[in-house]
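In what follows, a structure is listed as structure tokens, so that the remarks can point back to it.
The values are calculated or read from the model by the stated rules, or taken from the named source; none is laboratory data. As the structure is a prediction and not an experimental result, all values here were calculated from the model. As a convention, Cβ positions derive from the backbone with ideal geometry for all residues, glycine included, and neighbour counts pool all protein chains shown. Areas reflect the complete protein model, heavy atoms only, side chains present, ligands, DNA and RNA absent. Shrake-Rupley method; radii C 1.70, N 1.55, O 1.52, S 1.80 Å.
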Amino acid sequence: MESREISQAVIRRLPRYYRYLGELLESGVERISSNDLSKRMKVTASQIRQDLNNFGGFGQQGYGYNVKYLYTEIGKILGLENDHNFIIIGAGNLGQALANYGSFEKRSFVLKGIFDVNPTLKGMTIRGVPVRMMDELKDYIRENDIEIAVLTIPKGVAVDVARELVEAGIQAIWNFAHVDLNVPDHVIVESVHLSESLMRLSYNINRYHEEHGLKG
């Protein structure tokens, strides 16, 4: 397939396709049309076809999509056929909640380590993974083929920790710290700002109230 630039909007929809197709597989559905898939996803059938045509199409006119084949191919596009080792920096409430989320392994993300600065947490295990101290971080990354680091730490220390991670060879950072990270171009950062998500929700609530005359 010829390499082409794929828009971020398409990339954001790919995990949704993967999730819905997985649910269809579990329900025993063998094939589905773009029209039926659009009803489930609330994305137009035309948009689905355009999105998938970026990667070769996968459908047959009059037949639709083979669910298992499309699920497998999107998994490959998302890089899920290979395991991705990751660590969590910050063993507080959010870090522990993420460590306890068992579905990561189902998606080929393997939690290998958890790190914190609090000595009282040293040796505590979460789903069998021990909490280590930060002075072990760089050696651990280099010795255990760690690709991804998850930051669940205060923003005041996140920038310095991100610098350490880059120096140790981390390829990607999933950033829950409420701060933008300035890292080299070869390091991928996906930032999750929970408060921004809530503000978008607030905006949509206000908009709904205004449209339906529910706001005095």
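Checking each residue in segment 78-118 for being among the charged types (D, E, K, R) and either in contact with a strand residue (DSSP E or B) (Cβ under 7 Å, 6 or more places away or on another chain) or over 18 Å from Ala172 (Cβ atoms) (or both) picks out Asp83, Lys106, Lys112, Asp116. The residues of segment 86-107 that are closer than 26 Å to Gly156 by Cα, in contact (Cβ under 8 Å) with a residue 24 or more places away in the chain and either part of a strand (DSSP E or B) or open to solvent by 70 Å² or more (accessible area, probe 1.4 Å) (or both), listed by number, are Phe86, Ile87, Ile88, Ile89, Asn100. Between residues in segment 131-144 that are without any contact (Cβ under 8 Å) to a residue 60 or more places away in the chain and residues that are in a helix (DSSP H, G or I) and open to solvent by 70 Å² or more (accessible area, probe 1.4 Å), which pairs lie under 8 Å by C-beta distance while being six or more apart or on different chains? Close Cβ pairs (under 8 Å, with a partner that is in a helix (DSSP H, G or I) and open to solvent by 70 Å² or more (accessible area, probe 1.4 Å)) amount to Met133/Pro119; Lys138/Glu167. So is Tyr71 assigned to a helix (DSSP H, G or I), in contact with a Gly (Cβ under 8 Å, 6 or more places away or on another chain) and open to solvent by 40 Å² or more (accessible area, probe 1.4 Å) or not? So Tyr71 passes the test.
Results for (1) surrounded by fewer than 17 Cβ atoms within 10 Å (Cβ to Cβ); (2) within 18 Å of Lys106 (Cα to Cα); (3) more than 25 Å from the chain's Cα centre (by Cα), shown as yes or no for each residue.
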site: Ser7; (1), (2), (3): yes, no, no
site: Arg12; (1), (2), (3): yes, no, no
site: Tyr18; (1), (2), (3): no, yes, no
site: Glu23; (1), (2), (3): yes, yes, no
site: Glu30; (1), (2), (3): yes, no, yes
site: Asn35; (1), (2), (3): yes, no, yes
site: Lys39; (1), (2), (3): yes, no, no
site: Ala45; (1), (2), (3): yes, no, no
site: Gly56; (1), (2), (3): yes, no, no
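Scanning for something open to solvent by less than 60 Å² (accessible area, probe 1.4 Å) and not in a loop (DSSP other than H, G, I, E, B), does segment 76-83 turn up at least one residue? For segment 76-83, residues open to solvent by less than 60 Å² (accessible area, probe 1.4 Å) and not in a loop (DSSP other than H, G, I, E, B): absent. In this structure, Asp51 qualifies as open to solvent by less than 30 Å² (accessible area, probe 1.4 Å), charged (D, E, K, R) and farther than 23 Å from Lys106 by Cβ. Here His209, His178, His193 are screened, and the one residue that is touching a helix residue (DSSP H, G or I) at 6+ places or on another chain (Cβ under 6 Å), more than 22 Å from Asp83 (Cα to Cα) and modelled with pLDDT under 95 is His178. Quick one: in segment 108-127, which of the residues that are under 21 Å from Pro154 (Cβ atoms) and of a type in the set (D, E, K, R) is farthest from the chain's Cα centre (by Cα)? Among those residues, the one meeting the criterion is Lys122.
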